[in-house]
1. Among 62, 20, 73, which residue has its Cα furthest toward the positive end of the charge dipole of region 10-75, with +1 on Lys/Arg Cβ and -1 on Asp/Glu Cβ?
2. How much length would be gained if the chain were fully extended between residue 10 and residue 71, taking 0.36 nm per residue of separation minus their Cα-Cα distance, in nm to one decimal?
3. Averaging sequence separations of C-alpha pairs under 8 Å and six or more residues apart, then dividing by the length of region 10-75, give the relative contact order as a whole percent.
4. Taking 25 Å as R0, compute the FRET efficiency from the Cβ-Cβ separation of residue 25 and residue 63 and round it to 0.05.
5. Once fully extended, how much extra length lies between residue 38 and residue 52, figured as 0.36 nm per residue of separation less the alpha-carbon to alpha-carbon distance?
Amino acid sequence: MAGGWSNDGAVQEQIDDSLADAVARARSQLPSGAGLEHCEECAAPIPEARRRALPGVRLCVSCQATHDREQAAFSGYNRRGSKDSQLR
């Protein structure tokens, strides 16, 4: 049941779009191609075990941890437009 200016299924469309955006973003960050023997950020050697466990790895553990913390701060688009999410 739609209310106001929204059509039937508008909420589900928002959920589907948000989910599709999150999946596309996650897939774009997956490593691909040949991995590196040395970190592309700090040039530290990447251990063989890490290269075998993560094909296509490009960062050492500490640089990857820093990268992950930076990515966690990304919240995406505010599709709902609620005041609380705009204040963040």
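Read the figures in this text as sums done on the coordinates, not as results from a lab. Just so it is clear, the structure is predicted and the values come from calculations on it, not from any experiment. All Cβ positions, even for glycine, are placed from backbone atoms using ideal geometry, and neighbour counts span all protein chains on display.
1. Ranked along the dipole, the leading option is 62.
2. Details: separation 61, 0.36 × 61 = 21.96 nm, distance 2.88 nm.
Full-extension gain reported as 19.1 nm.
3. Details: 50 pairs, mean separation 17.5, N = 66.
Reported relative contact order: 27 percent.
4. Numbers: r = 20 Å, r/R0 = 0.79.
That pair, residue 25 with residue 63, gives E of 0.80.
5. Details: separation 14, 0.36 × 14 = 5.04 nm, distance 1.38 nm.
Full extension of this stretch gives 3.7 nm more.
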